[in-house]
Amino acid sequence: MRSADVIVKALEAQKLKRLYCVPGESYLALLDALHDSSALTTVVCRHESGAGFMAVAEAKMTGRPACFMVSRGPGATNGSIALHVAEQDAVPVVLLVGQVSRDERGRGAFQEIDYGQFFGSIAKAVWEITEAEKVPEIMVRAFARCASGTPGPVVVVLPEDVLDDDVTRPLPLPYPIFRPQPSAKEIEAVAHALDQARRPLLIAGSGLRGSTGAGALADFARAQTVPVAASWKNQDVFDNGSPLYAGHLGVGTPKVHVEALARADLVIAAGTRLGDIASQNYTFPRAPDPEQPLIHIYPDAKPIGAVFRTTLGIIADPVELLAALVGHRARHEQERRAFAGSIREFVEPFTRFTSPEPSDGVDFGTVVQALEEAAPPDAVLITDAGNFSSWLHRHWRLTPQNRLLGMVAGAMGFAVPAAVAASLEAPSRMVIAIVGDGGVLMTGQELATAMQYGARPKIVISDNGSYGTIRTHQERRFPHRKSATDLLNPDLTQWARSFGAEVFTIERGDDVRAKIRAALACKSATVIHVRSSLEAISAFTTVSRLRGVSSE
Ligand SMILES: Cc1ncc(C[n+]2csc(CCOP(=O)(O)OP(=O)(O)O)c2C)c(N)n1
């Protein structure tokens, strides 16, 4: 069989439903092989970053590997942003990338790149297939490698001529993914530490997402009366309305809130790598020496004890460990409840924030509030990188019924392609993406992909005429000296309409609730263009306040 056909068989064997791509002449044989696949839909995108973000979003939705495919050189460099996100967010993604023919390799041929060097610091593995007989094994290993340990990106490089060569070796069955299980001794050690703890706190990461993980977490927290803080962008891992919800360790988490968490006498970090944002720039837990005993449970040894002196490191699936402790007899219930209550003091008012009416546009907070009121409880919520997401993190009471697709990596341009993929993956669910005028003009053209494949996301654009996040930093550090942050935008209502989407515009003075209700009731892809205030620059502050001038 031709290598290209074996690759398609390998993708089908992984039970992939979709393959996102921008075509290139470097992998024509593979495109040809896809012509005959009825199991796989090839989703052709408008930019390789869009294709890559779609794969990342699909993998975040399903918890299983997703795949995208790009042409050599420019295609690969365009798509690299998604690999970086996959690495920072621990998302299992396989990139298939074209390469010059083997006889041209190393000569600086047209669009040639040494992918081992180019992707070396972000991919878990970069494998260039130099003989067709290796295709079956490498394809199967790529999917196993991206999903094992800390999930991440794997790159498979396909020289053009290899794709036409025949393969005689059979395709191995997909490899099972082994999750290390906690030993009885480790479970006992955690139980013992818990027995001593009057103020335990659990920091929950992406390793606990999905119904099984979130279910085990909720059962554990309830049974042991342990408050749970969600790590950055994993706010949907635990019911935000629960008295045991201890808030979101994100950007802008107030200091007093973090101080309340730091009164814990035991920290259990489960399913998180405890990165800089989750650990509030390594202040909680404090690096290198945490102020309280730290138990770190993660299925990969690498992050455990790498930054923090860790009391007990457990290389295991956190879901299994928490499930094993549900039946353990809880102690110090009163004190633990009081501790949870003392944190709640900071979580509750935090979600009830209201801002003064700005005069230069719509307060985006009112839009987010109206979205929350009108959205179904299982809505998929997607955030791009930017200030507009602060209102969602601050106001929205997420539950594990939702799905929050954001990125630790903070790459602008994620939201629109992610919304397309999420809507294709879960067509019966409402998918709401919020994005700024900056991010939407980076990859918003994937609305065309939404229309082409019948995806029906709701895209909410906060159009404040600025790269607002950077303006916030600027006003804080160099007040009154804005530089390279103003944006003169096209009419985004007309722009969105040109794709064939339903479009709603929300301007100052409009009935925000009514417009949002109408927009969410639409059956097709919908864009909500909000002419938002720049003065109300984020859920936490205003431009005037940043400049030291009261805006009230
Ligand atoms: C690809 C990429 N480029 C640049 C940045 C730096 N950056 C972070 S937020 C931001 C501005 C976002 O502006 P916008 O989308 O309009 O949202 P706003 O902050 O105004 O709400 C920029 C430029 C980034 N995170 N990602």
Checklist entry - Which cross-chain or sequence-distant (5 or more) residues have an amide H under 5 Å from the amide H of W232, H modelled 1.01 Å from N in plane? => result L249, A278
Checklist entry - How large is ³J(HN,Hα), in whole Hz, for each residue of segment 68-83 in order, when computed from phi with the Karplus curve 6.51 cos²θ - 1.76 cosθ + 1.60 and θ = phi - 60°, using x for Gly and Pro? => result 9, 9, 9, 7, 5, x, x, x, 5, 5, 4, x, 4, 4, 6, 5
Checklist entry - What list of ³J(HN,Hα) values in whole Hz, one per residue of segment 204-221 in order, does the Karplus curve 6.51 cos²θ - 1.76 cosθ + 1.60 (θ = phi - 60°) give from phi, with Gly and Pro shown as x? => result 9, x, 4, x, 10, 7, x, 5, 5, x, 5, x, 4, 5, 4, 5, 5, 4
Checklist outcome for this item: If each part is reduced to its alpha-carbon centroid, segment 436-483 and segment 501-529 end up apart, in Å, by 18
Checklist entry - What ranking, highest mean first, results for peptides 119-129, 426-436 when packing means the other Cβ atoms within 10 Å averaged over each residue? => result 426-436, 119-129
Checklist entry - Among the DSSP beta bridges whose two residues both lie in the chain, what percent are antiparallel, rounded to the nearest 5? => result 5
Checklist entry - Taking amide hydrogens as modeled 1.01 Å from N in the peptide plane, which residues meet the under 5 Å criterion relative to L266, leaving out close sequence neighbours? => result R199, L201
Checklist entry - Quick one: with all protein chains in place, what share of the accessible area of the chain is carbon or sulfur, to the nearest percent (1.4 Å probe)? => result 51
Item to check | Residue-by-residue Karplus 3J(HN,Hα) for segment 320-334, coefficients 6.51, -1.76, 1.60, Hz, glycine and proline x | outcome: 5, 5, 5, 4, 5, 9, 4, x, 5, 5, 7, 10, 6, 4, 4
Item to check | Residues with amide H under 5 Å from that of Q99, placed H, sequence gap 5 or more | outcome: L158, E160
Checklist entry - Can you pull the three principal axis extents for the Cα set of segment 430-552, in Å, largest first? => result 47, 29, 22
Checklist entry - Once every DSSP H run of n ≥ 4 in the chain is given -39500 (n - 2.57) and the sum is divided by its residues, what mean residue ellipticity at 222 nm do you get, rounded to the nearest 500 deg cm²/dmol? => result -10500 deg cm²/dmol
Checklist entry - Rounded to the nearest 20 Debye, what is the dipole magnitude of segment 116-240 about its Cα centre when Lys and Arg each give +1 and Asp and Glu each give -1 at the C-beta? => result 920
Checklist outcome for this item: Averaged per residue, the 1.4 Å probe accessible area of the chain, protein heavy atoms only, in Å², is roughly 39
Item to check | Highest-first arrangement of 170-177, 382-389, 444-451, where packing means the average Cβ count within 10 Å | outcome: 382-389, 444-451, 170-177
Checklist entry - Using Cα pairs under 8 angstrom and six or more residues apart, how large is the relative contact order of the chain, in percent? => result 13
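The values are calculated or read from the model by the stated rules, or taken from the named source; none is laboratory data. Worth saying up front: this structure is predicted, and the values here are computed from it rather than measured. In this analysis, Cβ positions are derived from the backbone assuming ideal geometry, glycine residues included, and neighbour counts consider all displayed protein chains. All accessible areas refer to the heavy atoms of the entire protein, side chains included, with ligands and DNA or RNA removed. Shrake-Rupley method; radii C 1.70, N 1.55, O 1.52, S 1.80 Å.
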